[in-house]
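Please treat every number below as a calculation from the coordinates, not as lab data. All values derive from a computational prediction rather than experimental measurement. Positions of Cβ are backbone-derived with ideal geometry, glycine not excepted, and every protein chain shown enters the neighbour counts.
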């Protein structure tokens with residue numbers, strides 16, 4: 001399969017914007033795969049962390065936006081602590097979540113959260129969950 | 001020695017036993033936890049996007065209140081500790097953000113408070129030797145898995161409580177209490193955290209890996225530092241056992257409950273009934289209760 005890459009892909013304005021929000025430079029990743037190896041949830045991600053980085057380098061942010069990866073990232077920072085280049089995929093995925101949430105779109109609506117969970121769960125889970133999933 | 005203390009929301013409600021056992025243990029080893037006169041939620045998550053300064057205002061308010069009560073602040077919940085310590089570093093090192101944050105919270109805080117986790121207070125201010133000397137009911141013969149989770153450790157350069165990949169502070173404490181810490185592969189892996197809200201399946205898998213790894217290494221008890229780890233592990237345990245992998249549940253307790261137990265506190269006051277796993281059969285088996 002031939003892939004045609006133009007300047008407009010490499011210089012994708014959406015990726016540059018994501019870099020501004022997150023303070024990360026997607027070009028630093030050299031695809032060693034340590035992040036996906038350390039990530040506890042990569043097994044459930046449609047696009048694992050290393051591939052997320054590659055898609056962004058190629059300017060294909062839509063592919064990542066349509067995957068479940070950003071909603072599964074737990075922010076445990078294993079990717080970052082094992083990255084030889086100091087890239088935080090967790091920050092990149094948080095940036096992508098923020099882009100959705102800041103538009104007022106939610107991944108989980110408050111009314112969908114089961115009452116037994118709200119009653120029994122630690123407050124920190126509820127506060128953190130709302131900040132990660134509710135726009 | 002009085003140390004200002006930030007309990008955080010969860011320790012004031014569903015993890016009350018974490019708070020009470022810590023306070024009582026502190027008095028047994030010679031310090032007092034002085035709860036901040038005024039405090040609010042820390043926000044329960046450190047914003048990973050650096051442009052999100054508004055997310056730092058809640059923890060900044062806590063820190064600013066703490067600075068009025070002393071130069072040190074201790075906390076127990078691993079998430080509160082992570083959020084407060086990272087926010088403090090931003091305020092200390094980044095003048096631009098410090099000004100924006102202070103403008104929002106209408107304070108003049110400079111990041112000078114030293115944030116210590118309760119484990120650090122025990123190691124660095126009290127000393128594990130003194131803790132060991134204060135033990136009245138050694139946890140002899142209990143093989144304990146010390147589950148760190150993520151927030152107590154990462155990112156290493158901001159937190160620095162111990163070595164990033166092979167920390168030992170938690171094992172050192174349990175050893176001082178007379179228990180036998182076991183080394184297990186998943187001791188610094190995630191429990192599934194806030195996915196508890198909308199993805200029980202992933203939480204069960206991740207917490208299941210932590211517990212099977214611990215029990216596979218011989219643990220008869222799992223000890224935690226975070227109310228969310230505690231919740232996820234305890235909630236997942238029956239499901240992991242039912243899945244038929246041969247896993248059989250073990251008690252999961254807060255490290256301060258283990259501490260209080262070893263320091264000779266009345267077992268009835270340690271709040272074990274608030275945990276959903278039962279530690280009493282293990283204590284009876286070991287001749288501790």
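Relative to the longest principal axis of the Cα atoms of chain B, the long axis of helix B:227-242 makes an angle of roughly 30 degrees. Oblate is the label for segment A:51-118, because a/c, from the alpha-carbon gyration tensor with a ≥ b ≥ c as root eigenvalues, is 1.5 or above and a/b does not exceed b/c.
Shape summary of segment B:237-289, radius of gyration then Dmax from alpha carbon positions: 12.7, 38 Å. Average 1/r across all pairs of distinct alpha carbons in segment B:136-285, invert it, and you get the Kirkwood radius: 15.5 Å. Summary of packing: across the peptides A:60-73, A:101-114, B:113-126, the per-residue average of other C-beta atoms within 10 Å ranks them, highest first, as B:113-126, A:60-73, A:101-114. Each label point was placed 7 Å from the Cα along the Cα-to-Cβ direction; for residue B:106 and residue B:2 their separation is 2.7 nm.
Its residue count N sets the reference 2.2 N^0.38 Å, and the alpha-carbon radius of gyration of chain B equals 0.99 times that reference. Restricting the calculation to Cα atoms, segment B:2-119 shows an Rg/Rh of 0.97 when the hydrodynamic-style radius is the Kirkwood one.
Hey, fewest Cβ within 10 Å first, where do A:25, B:266, B:110 land in order?
Numbers: A:25 11, B:266 8, B:110 15.
By the 10 Å Cβ count, ascending: B:266, A:25, B:110.
If every alpha-carbon in segment B:27-72 counts as one equal scatterer, what log10 I(q)/I(0) does Debye give at q = 0.14, 0.20, 0.29, 0.33 1/Å? Once normalised to I(0) and log-transformed, intensities are -0.45, -0.73, -1.03, -1.16.
Legend: mean number of C-beta atoms from other chains within 10 angstrom of residue C-beta atoms, peptide B:42-55, equals 6.
Helix B:16-28 sits at what angle to the longest principal axis of chain B, using alpha carbons and giving 0 to 90 degrees rounded to 10? Result, in degrees: 90.
Ordered by the number of other Cβ atoms lying within 10 Å of each residue's own Cβ, fewest first, B:172, B:19, B:158 fall into the sequence B:158, B:172, B:19. Across peptide B:10-19, the mean count of Cβ atoms from other chains lying within 10 Å of each residue's own Cβ comes to 2.
In peptide B:183-195, what is the residue-averaged number of other protein chain Cβ atoms found within 10 Å of each Cβ? Kindly include the intermediate steps, with their values, before the conclusion.
Numbers: counts 0, 0, 0, 1, 0, 3, 4, 8, 3, 6, 11, 14, 11.
Neighbouring Cβ atoms belonging to other protein chains average 5 per residue here.
Counting other Cβ atoms within 10 Å as a rough exposure proxy, the listed residues A:50, B:74 run A:50, B:74 from fewest neighbours to most. Rounded to the nearest 10 degrees, the inclination of helix B:78-93 to the longest alpha-carbon principal axis of chain B is 30 degrees.
Can you compute log10 of I(q)/I(0) for chain A with the Debye formula, treating each Cα as one identical point scatterer, at q = 0.18 Å⁻¹? Cα-only, vacuum Debye calculation for chain A: -1.02. Springs between Cα atoms under 10 Å define the GNM used for chain B, and in it the highest mean-square fluctuation of B:277, B:25, B:207 occurs at B:277. Scattering from the protein assembly as shown was approximated by placing one identical point on each alpha carbon and applying the Debye formula without solvent; log10 I(q)/I(0) at 0.06, 0.07, 0.10, 0.13 1/Å stands at -0.25, -0.34, -0.69, -1.15.
Calculated from DSSP H runs of 4 or more alone, at -39500 (n - 2.57) each and per residue, what is the 222 nm mean residue ellipticity of chain A, nearest 500?
Per the formula, -13500 deg cm²/dmol.
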